There are 2 protein chains.
Amino acid sequence: MASIKDVAAEAGVSVATVSRVLNDHPSVSADARTRVLAAVEALGYRPNAVARSLRTDQTHTLGLVISDVLNPYFTELARSVEEEARALGYSVIIGNADERPDLQDHHVRNLLDRRIDGLLVSPTDGGSPLMLDAVRAGTPMVFVDRWIPGVAVPVVRADGQAAVRDLVAHLHGLGHRRLAIIAGPAATTTGQERVAAFRDALEAYGLELPDAYIGQGDFQAESGRRVTEGFLDLPEPPEVVFAADNLMALGALDAVRARGLRVPEDLALAAFDDIPWFVHTDPPITAIAQPTGDLGRAAVRALVDRIEGRRPASVTLPARLVVRRSCGENPNPVQRSTS
Amino acid sequence: MASIKDVAAEAGVSVATVSRVLNDHPSVSADARTRVLAAVEALGYRPNAVARSLRTDQTHTLGLVISDVLNPYFTELARSVEEEARALGYSVIIGNADERPDLQDHHVRNLLDRRIDGLLVSPTDGGSPLMLDAVRAGTPMVFVDRWIPGVAVPVVRADGQAAVRDLVAHLHGLGHRRLAIIAGPAATTTGQERVAAFRDALEAYGLELPDAYIGQGDFQAESGRRVTEGFLDLPEPPEVVFAADNLMALGALDAVRARGLRVPEDLALAAFDDIPWFVHTDPPITAIAQPTGDLGRAAVRALVDRIEGRRPASVTLPARLVVRRSCGENPNPVQRSTS
DNA sequence: CCTCCTTGTGGAATCGATTACACGACTTCG
DNA sequence: CGAAGTCGTGTAATCGATTCCACAAGGAGG
């Protein structure tokens, strides 16, 4: 592969001049410029990003560590992140943690070793020493979707409280009184918050959330299946199950189906995170939709702000309820929204 | 961030010795080794991958350019690619082309600039000059899923011919005679092949595939919707629609639903590419399943073979038919398989 | 006509690693 | 006891870019 030296030789100038042309530095004569450009063209020269990064200490690259690529929510997030980053002149390297802290650490380490300019993380746990060290060392970082309490890093996320209240109102209006939740891992903020929001909303209707109605999931389909089976085995099973993410809702649907039961007649179902497929499931699933694209874009902008020396604030965008048929027929369905 | 010089100073040795310890070169005394290791620990030193890559001309990184991250098929492919690559000591940088040749070129260029060790591509078109130049220049490359005819690059893909035959047999057995297809872009091999396989299979039953029954899609949901509407507007609409990928099937389902029609009673539906959600749609969708994980792993192994100087062969794995209910009730359903 | 800028250019240092080569200190063996 | 290895280490070149500094040429101004 041709290097800057080859170009310099071909154009009959020094490497310094070639570099100046490439970075359009003002003090280059028109003549030298055309000769260099011609040489670049002739040799098909492309600057070596590795060498450039070493010298300038900038990679123009962002790291994105997400909890699970197979989750359509995170896929969409990743896509919007890459799009916005590209618009701002950055590339993105994605690390998939698969909800495993060890894999998360692997990717964070890898990205730091590559000297990415900044890191976007949706932490799967309370924060490994590695990540905390990186924050302390001043690595530009932004949390997206989930965060780690007590760490001075901007957070870009959706607030589901109002939407969860709307959901509970919807369920209550349909006559449901025994409501259960499939929670996410307690180590994640989204795991905890969604349970808290649900409990608060129930309280407003004088309803309780007994421990038996809180199933411990891990944001994966299999746990949704397992927890739902537990619910169905209860002496008094719930009338509704609210899954804290879309994959666990899928698992719940499986479990209900496997027993020959029907949604919503035998068990109603709602989910956090709306995805295109929920329109086509049998029945279509009522869900709380996050403004995923906006979150991704806001997160990138915040991170780039940090990289360029500004001090971005956290961003919280509202989620909204999308009513479908999985909780029972609504005589005259209304699309509820909090925005 | 601490550099190798800091470590050398801290340990009281030269940078050469530090480097030797880090790359466990044999000729280092036990004493020097422990001192270096202690210094590394004390400083929290991590080698700069950028500098290392510049010197060694190896990045231990693979590029993966896929056609559409939002397509669950490619998401799963990306995941298995990353997994296998990690097992072999490589990282992966993913570029999402969104079925756009210009974006594909952007990512290929970006990845080449970063001096990735090898490139995995699922081309969205017939091959830009950029990609062809890269091949000619000797960049290790492997095509996955789709390929570019006439280019000397190993291909890792699934063969759907037998499965399409099984599908047509299944449809014929259910009494369907007017079969239509939503094709992918003609510029992609998968776009062409699936139509050809479908036509051949129909021929075996004495059925034709009239032009009116070949809809031109682009592997995106919206095109599936549009094409299906066209089919339904025909004086003699088809009885079955076979979508060449899962997103177009989703669009087709939308279109049917929007007219108040039902699957499979009014229009039967089948898709290429099986995904977990197809179990839960209404009705569950009959699909041709690719061994996606195996494809991803085989592609990585082939690419690493090329990088390490061997000459890997192309790999073709069989796809298989998974019968569900979207084509009509089968009196006694059998899972057909070609393997 | 001499100084002082301005402009364009090249030489060389630098980023942080790897590695060829030289060298000193020991061992070993004839 | 001297020659020939072996072993561990350091010096310095190198990868491909960017950029500071020096300098030459030419124009402007006193």
Under 11 Å, Cβ to Cβ, from A:Tyr213 - net charge with Lys/Arg +1 and Asp/Glu -1: -2
Rounded to the nearest 10 Å², the accessible area of B:Cys327 at probe 1.4 Å: 0 Å²
Length-normalised contact order for the range A:168-312 - Cα pairs under 8 Å, 6+ apart - percent: 19 percent
Cut-off under 5 Å, modelled amide H: who pairs with A:Ile93 long-range: A:Leu62, A:Gly63, A:Leu64
Shielding by partners - mean other protein chain Cβ count within 10 Å, residues of A:177-184: 0
Whole-Hz ³J(HN,Hα) from phi, Karplus 6.51 cos²θ - 1.76 cosθ + 1.60, for the range B:293-307, glycine and proline x: x, 5, 4, x, 5, 4, 5, 5, 4, 4, 5, 5, 4, 4, 4
Whether the protein assembly as shown is rounded, prolate or oblate, judged on the alpha carbon gyration tensor where a/c under 1.5 counts as rounded: oblate
FRET efficiency, 1/(1 + (r/R0)^6) with R0 51 Å, evaluated for A:Ile214 and B:Thr316 via beta carbons: 0.55
About the Cα centre, charge dipole magnitude for the range B:4-47 (Lys/Arg +1, Asp/Glu -1 at Cβ), debye: 80 debye
Solvent-accessible surface ranking, highest first, for A:Leu120, A:Leu207 at 1.4 angstrom: A:Leu207, A:Leu120
Built amide H within the under 5 Å cut-off of A:Leu234, gap 5+: none
Placed amide H near B:Thr281: partners under 5 Å, 5+ positions off or other chain: none
Sum of -39500 (n - 2.57) over DSSP H runs of 4+, divided by residues of the protein assembly as shown (222 nm, nearest 500): -13500 deg cm²/dmol
Tilt relative to chain B, helix B:30-43 - C-alpha long axis, 0 to 90 degrees, to 10: 60 degrees
Test item: Cα-centred dipole of the range A:84-158, Lys/Arg +1 and Asp/Glu -1 on Cβ, debye: 220 debye
Rel. contact order, % - alpha carbon contacts under 8 angstrom, at least six apart, chain A: 16 percent
Normalised per residue, the volume of the convex hull around the Cα set of the range B:160-290 (Å³): 94 Å³
Label point 7 Å beyond Cα along the C-beta direction, distances from B:Leu43 to other copies (nm, shortest first): 3.4
Cα lying deepest toward the dipole's positive end in the range A:159-290, options A:Ala186, A:Val256, A:Val227, charges on Cβ: A:Val256
Debye, to nearest 20: dipole size of the range B:222-289, +1 on Lys, Arg Cβ, -1 on Asp, Glu Cβ: 140 debye
13 Å beta-carbon shell around A:Gly44, net charge (K/R +1, D/E -1): -2
Copy-to-copy label separations for B:Val151, where each label sits 7 Å from Cα toward Cβ, in nm and ascending: 4.0
From phi via Karplus (6.51, -1.76, 1.60), per-residue ³J(HN,Hα) for the range A:177-188 in Hz, x at Gly/Pro: 10, 9, 10, 10, 9, 9, 7, x, x, 5, 6, 9
Solvent-accessible area of A:Arg35 with every protein chain in place, 1.4 Å probe, in Å² to the nearest 10: 90 Å²
P(r) weight above 30 Å for chain B, C-alpha pairs, percent: 46 percent
Cβ-vector label at 7 Å, A:Ala2, separations to other copies in nm: 4.3
DSSP bridge pairs, the protein assembly as shown: antiparallel proportion in percent, nearest 5: 10 percent
Estimated vicinal HN-Hα couplings, Hz - the range B:259-267 in sequence order (Karplus 6.51, -1.76, 1.60; Gly, Pro = x): 8, x, 8, 10, 9, x, 4, 8, 8
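The values are calculated or read from the model by the stated rules, or taken from the named source; none is laboratory data. Every value quoted in this text rests on a predicted model; they were computed, and no experiment measured them. Cβ coordinates were reconstructed from backbone atoms using ideal geometry, including for glycine residues, and neighbour counts include every protein chain displayed. Protein only, heavy atoms only, side chains kept; ligands, DNA and RNA dropped before computing areas. Shrake-Rupley method; radii C 1.70, N 1.55, O 1.52, S 1.80 Å.
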